[in-house]
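The values are calculated or read from the model by the stated rules, or taken from the named source; none is laboratory data. Just so we're clear, the structure is a prediction, and the values are computed from it rather than from any experiment. Because the Cβ atoms are built from the backbone with ideal geometry, glycine has one as well, and the counts that use them run over all protein chains shown.
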Amino acid sequence: MTTSKSLLSLLIASATLAGCSAKQDSATVTIDSNANVEKTVAANTSPLATDLNINNVRAHIAKLASDEFEGRGPLSAGETLTINYLKDQYQAAGLQGGVNGKFLQKVAMAKLTPDQSMVLNIAGMDFTAGVDFTARTKQLVPQIQLNDSDMVYVGYGITAPEYNWNDYDGIDVKGKTVVLLVNDPGFATQDDTLFTGNAMTYYGRWSYKYEEAARQGAKAVLVIHETAEAAYPWSVVDSSNSGAKFSLMNDNNNMDTLPILGWLSFDAAKKVFKAAGLNYLEQKKHALDKNFKAIDLNITANLTLDNAIDKAESHNVVALLPGSEQADEYIVVGAHWDHFGKKETDTGTKIYNGAVDNATGVAATLELARMMAERAKTAPLKRSLLFVNFTAEETGLIGSKMFAAGTVVPSKQIVGILNIDGMNPLDGVDYILQYGKDMSEMEQYLADAAKAQGRHVKMDPRPQNGLFFRSDHFPMAQQGVPGLLFMSLGDTDPDYITHKYHKEADDYSADWSMGGVEQDMQLILSIANKLGNNGDWPTWTSESDFKTRRQQDREQ
């Protein structure tokens, strides 16, 4: 998950905002979450339907994160329950379907499961899947083989003209197996003048490494894992790559993608380099020099990757609130609806309800949509709003990649995206987190909205994790659309990441104060309102492919 920030309000007078959660008549609504979560909440009987009703948000979270929804896994009964619930809520609020009048965007996906009995042989050494390496593919073929594939070490595997950096200079890797380092030279040196120092750039993400190697014509990539550089332990690599993964499908069965996407453990990497007559740690240091030259390791790799393939269809939910004047210009308010579903184990069924991640974000989009639709009856925004709940974020931003492809709305018509991915359900705080630095003019919108609330912007405390590149606004960034990520996973709950994140324990609690959710929704509201009326097209401020892509759109 990784990077944008806020959304909607400033046209609405601050006095109105200040009263948004006051004055509510109490009515009893019992929410059965099948997990002993029952709460008496105030129904939507506020004298002003245009006010934010935080109890509506609470009720949506409790419902979506209940055992009834089975962890909201894509392609499951939980998906059917979830998308129908969202569609019904948007329709009841008076919004239109955003996909040719319908609320659902079909997302055709392939489910690919690599056979874990495979063995990677390098220089006569056998390596075990899940322990020493992982390998998978997006290509829709039952088997891919490496037969005596020449291996090449390409340092960080980065081609970045703006940093005068090209690890592929002078080397031909077509049909070969590329071995490379995770993250980027800035993190390794902590030198702010090299890339962006400690803060990860997109060049440091494994997804970029695969994309660039594919452009270079490689047959396979093995990313060397180290915990600090990757920002997670080997167990995360194993669990994320050894089981089933989802992928979008194109007309040629994804044959234009990298054939084998792999990781190599730290210990295995040291053995591979030793077999090539090299010291891994020394070669890692050499890769920090922009004059580094790739090295032919003079050893070969052999692997047979068998692949089980299933094809299915998931859905994004898209709701439209048309603008009054520039209706063909859109602000997207997004949040992924999916989580990890349920798993059968020796001890019984485990349900991963994903209350914070991301029932909170989805609930916020529902209430923001309801509130904005009410306000539009008397004071509509000039621009249109699209409320989008993405599928399959947890398995690779699949739904947002499909939306970003532009079949619903072309990127040149989208002003910006406000992406919510895990809110703070505890007490409010005097800051708002910003992901990414000096990326786009959207950051000024965030700062202005925070200041109006008496808050300040606090930079991402873990920039080395690259969260800007790990959530649903990022596929939009790749199409040139700037955005903000609203994420508070564990920021106010020190126990969350260790014991709840992506675990069964991420459950709804009736004890949540919801102060953080409410203040961030108001912040999002102010940004959306401002963008909805001011005619501005925020730009990217740093040189990047994102900025180039946006300029191309704006010149059309």
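Could you look through segment 52-101, keep only residues that are in a loop (DSSP other than H, G, I, E, B) and within 22 Å of the chain's Cα centre (by Cα), and pick out the one that is surrounded by the most Cβ atoms within 10 Å (Cβ to Cβ)?
Ala65
For segment 335-384, which residues satisfy the criterion of being among the acidic types (Asp, Glu), outside any strand (DSSP E or B) and farther than 12 Å from Val517 by Cβ?
Residues satisfying the conditions are Asp338, Asp346, Asp357, Glu374.
Would you confirm whether or not segment 96-106 contains a residue that is among the aliphatic types (A, V, I, L, M) and assigned by TED's automatic domain parsing to the domain that holds Asp67?
Scanning segment 96-106, I find at least one residue that is among the aliphatic types (A, V, I, L, M) and assigned by TED's automatic domain parsing to the domain that holds Asp67, so the answer is yes.
Please work out which one of (1) crowded, with 21+ Cβ neighbours inside 10 Å; (2) free of Cβ contacts under 8 Å to residues at least 24 places away in the same chain is the condition Asp192 fails and give its number.
For Asp192, the failing item is (1).
For the subset of segment 249-278 comprising residues that are of a type in the set (Asp, Glu) and within 28 Å of Met109 (Cα to Cα), which member is surrounded by the fewest Cβ atoms within 10 Å (Cβ to Cβ)?
So, considering only residues that are of a type in the set (Asp, Glu) and within 28 Å of Met109 (Cα to Cα), the one surrounded by the fewest Cβ atoms within 10 Å (Cβ to Cβ) is Asp251.
For segment 444-471, give me each residue that is touching a Lys or Arg at 6+ places or on another chain (Cβ under 7 Å) and not hydrophobic (A, V, I, L, M, F, W, C).
Tyr445, Gly466
List pairs: first in segment 392-421 and at positive phi, second in a helix (DSSP H, G or I) and surrounded by fewer than 24 Cβ atoms within 10 Å (Cβ to Cβ), Cβ under 6 Å, 6+ apart or cross-chain?
These pairs meet every condition: Leu397/Pro475.
If we scan segment 199-217, do we find a residue that is over 29 Å from His473 (Cβ atoms) and either within 27 Å of the chain's Cα centre (by Cα) or of a type outside the set (A, V, I, L, M, F, W, C) (or both)?
yes
So if I check each of Asp251, Asp238, which one is among the charged types (D, E, K, R), modelled with pLDDT under 95 and not in a helix (DSSP H, G or I)?
From the options Asp251, Asp238, the qualifying one is Asp251.
Just to verify a result, which residue in segment 376-428, among those that are charged (D, E, K, R) and buried (at least 23 other Cβ atoms within 10 Å of the Cβ), is modelled with the lowest pLDDT?
By that ranking, first place goes to Glu394.
If I ask for residues that are of a type in the set (Val, Ile, Thr), under 26 Å from the mean Cα position of the chain (by Cα) and surrounded by 17 or more Cβ atoms within 10 Å (Cβ to Cβ), which ones from segment 102-128 would you list?
The one that is of a type in the set (Val, Ile, Thr), under 26 Å from the mean Cα position of the chain (by Cα) and surrounded by 17 or more Cβ atoms within 10 Å (Cβ to Cβ): Val107.
Of the residues Leu288, Leu281, which single one is surrounded by fewer than 18 Cβ atoms within 10 Å (Cβ to Cβ), in contact with a helix residue (DSSP H, G or I) (Cβ under 7 Å, 6 or more places away or on another chain) and more than 21 Å from Ile309 (Cα to Cα)?
Going through Leu288, Leu281 in turn, just one is surrounded by fewer than 18 Cβ atoms within 10 Å (Cβ to Cβ), in contact with a helix residue (DSSP H, G or I) (Cβ under 7 Å, 6 or more places away or on another chain) and more than 21 Å from Ile309 (Cα to Cα): Leu288.
Go through the residues of segment 230-248 one by one and say whether even a single one is surrounded by 14 or more Cβ atoms within 10 Å (Cβ to Cβ), in contact with a Phe, Trp or Tyr (Cβ under 6 Å, 6 or more places away or on another chain) and under 25 Å from Tyr168 (Cβ atoms).
Checking segment 230-248: at least one residue is surrounded by 14 or more Cβ atoms within 10 Å (Cβ to Cβ), in contact with a Phe, Trp or Tyr (Cβ under 6 Å, 6 or more places away or on another chain) and under 25 Å from Tyr168 (Cβ atoms).
Restricting segment 306-363 to residues that are hydroxyl-bearing (Ser, Thr, Tyr), over 30 Å from Val141 (Cβ atoms) and touching a residue at least 12 places away in the same chain (Cβ under 8 Å), which is surrounded by the fewest Cβ atoms within 10 Å (Cβ to Cβ)?
Ser324
Here are some residues: Tyr156, Tyr168. Which one is in the same structural domain as Ala276 (by TED's automatic domain parsing), under 15 Å from Val223 (Cα atoms) and either buried (at least 21 other Cβ atoms within 10 Å of the Cβ) or touching a Gly at 6+ places or on another chain (Cβ under 9 Å) (or both)?
It is Tyr156.
Exactly one condition in (1) at pLDDT below 95; (2) not in a loop (DSSP other than H, G, I, E, B) is false for Ile527; which is it?
(1)
Being in contact with a Gly (Cβ under 9 Å, 6 or more places away or on another chain) and not charged (D, E, K, R) is the requirement here; does Thr395 meet it?
No.
I'm told Val332 meets every condition in (1) assigned by TED's automatic domain parsing to the domain that holds Met521; (2) within 29 Å of the chain's Cα centre (by Cα); (3) assigned to a loop (DSSP other than H, G, I, E, B); (4) at pLDDT 95 or above except one. Can you identify the failing condition by its number?
The one condition Val332 does not meet is (3).
In segment 538-554, how many residues are part of a helix (DSSP H, G or I) and hydrophobic (A, V, I, L, M, F, W, C)?
1
Would you mind finding the one in Leu264, Leu288 that is in contact (Cβ under 8 Å) with a residue 40 or more places away in the chain and either farther than 21 Å from Trp165 by Cβ or among the hydroxyl-bearing types (Ser, Thr, Tyr) (or both)?
Only one candidate qualifies: Leu264.
Among the candidates Arg72, Arg58, single out the residue that is at pLDDT 95 or above, under 24 Å from Arg375 (Cα atoms) and not hydroxyl-bearing (Ser, Thr, Tyr).
Just one listed residue meets the conditions, Arg58.
Just the residues that are modelled with pLDDT of 95 or more and farther than 12 Å from Gly480 by Cα, please, taken from segment 530-556.
Lys530, Leu531, Gly532, Asn533, Asn534, Gly535, Asp536
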